[in-house]
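K.L.:
Before I ask anything, here is the structure I am working with.
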Amino acid sequence: MAPKELNFITGNKNKLAEVQVILSSTPVKLQSQSIDLPELQGTIEEISNDKARRAAEVVQGPVLVEDTCLCFNAFDELPGPYVKWFLKALGVQQFHRLLAGFDDKSAQAVCTFAYCEGPGHEPIIFQGRTDGKIVAARGPTDFGWDACFEYEGQTYAEMAKEQKNKISHRGRALAKLTEWLKHEV
């Protein structure tokens, strides 16, 4: 059974705002906590499961964690869960240059939420994916790689937030979580 209050583990205010808007139609009250957790190296799902288990231990209660990936098809899905380190090293203005030597600029944005009821419980995964391509930065550059990920002619950064929330990897993952919450609460 899902909780009426949920600890969303994030220190990212932009991510928190997006999640709050998308989950506003659910009966769950979202609280936010910033906890510095070590990140396992592995697949998207392994990282999300481990992060949820660790956070549930720290909080001693129900948690929701999120992991966002950007998978370049030319790189066999890398940088994947390590995208934040690539972005931090290169900056959003240079990020697209990773694919300069490749004809294939296609990518997949992947968002994985993991809910864990508490210590000792197995996390439940909710994942959303959006196909797009990597382009030179367009639009505001204040939210990760949004300015470099293009979906149907617009980068995430160029889209109105409401439009982005409907088609984004995060919106798709949260739609699955929302359905689950409606049946569990």
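K.L.:
With everything on Cα atoms, drop me the angle between helix 44-59 and the longest principal axis of the chain, reported from 0 to 90° to the nearest 10.
P.N.:
So the inclination is approximately 40 degrees.
K.L.:
Would you please put 31-41, 65-75 in order of how densely packed they are, using the mean number of other Cβ atoms within 10 angstrom per residue and starting with the highest?
P.N.:
65-75, 31-41
K.L.:
Would you mind pulling out the separation of the Cα centroids of region 155-185 and region 91-125, in Å?
P.N.:
15 Å
K.L.:
Please report the antiparallel percentage of the DSSP beta bridges confined to region 1-120, to the nearest 5.
P.N.:
Just about 65 percent of them are antiparallel.
K.L.:
Taking all pairs of different Cα atoms in region 1-88, averaging 1/r and flipping that mean, what Kirkwood radius in angstroms comes out?
P.N.:
After inverting the pairwise mean of 1/r, the radius is 14.2 Å.
K.L.:
A follow-up question, please. Charges at C-beta only: +1 for Lys and Arg, -1 for Asp and Glu. How large is the resulting dipole of region 113-185 about its Cα centre, in Debye rounded to 20?
P.N.:
With only Lys, Arg, Asp and Glu charged at Cβ, the dipole is about 140 debye.
K.L.:
A further question on this structure: Over the chain, what lengths in whole Å, largest first, do the semi-axes of the equivalent ellipsoid take, defined as the square roots of 5 times the eigenvalues of the alpha-carbon gyration tensor?
P.N.:
Working from the Cα gyration tensor, I get semi-axes of 29, 18, 14 Å.
K.L.:
Can you tell me which lysines have their Cα less than 16 Å from the Cα of Lys133? Leave out same-chain residues fewer than eight positions away.
P.N.:
Filter leaves Lys105, Lys164.
K.L.:
Hey, another quick one. Note down the magnitude of the dipole of the chain about its Cα centre, charges +1 on Lys and Arg C-beta and -1 on Asp and Glu C-beta and zero elsewhere, to the nearest 20 debye. It would help to have the intermediate numbers written out before the result.
P.N.:
Numbers: 21 positive and 25 negative charges, 102 e Å.
With Lys and Arg at +1 and Asp and Glu at -1, about 480 debye.
Read the figures in this text as sums done on the coordinates, not as results from a lab. Since this is a predicted model, take the numbers as computed values, not measurements. Note: ideal-geometry Cβ built from the backbone for every residue, glycine included; neighbour counts use all protein chains shown.
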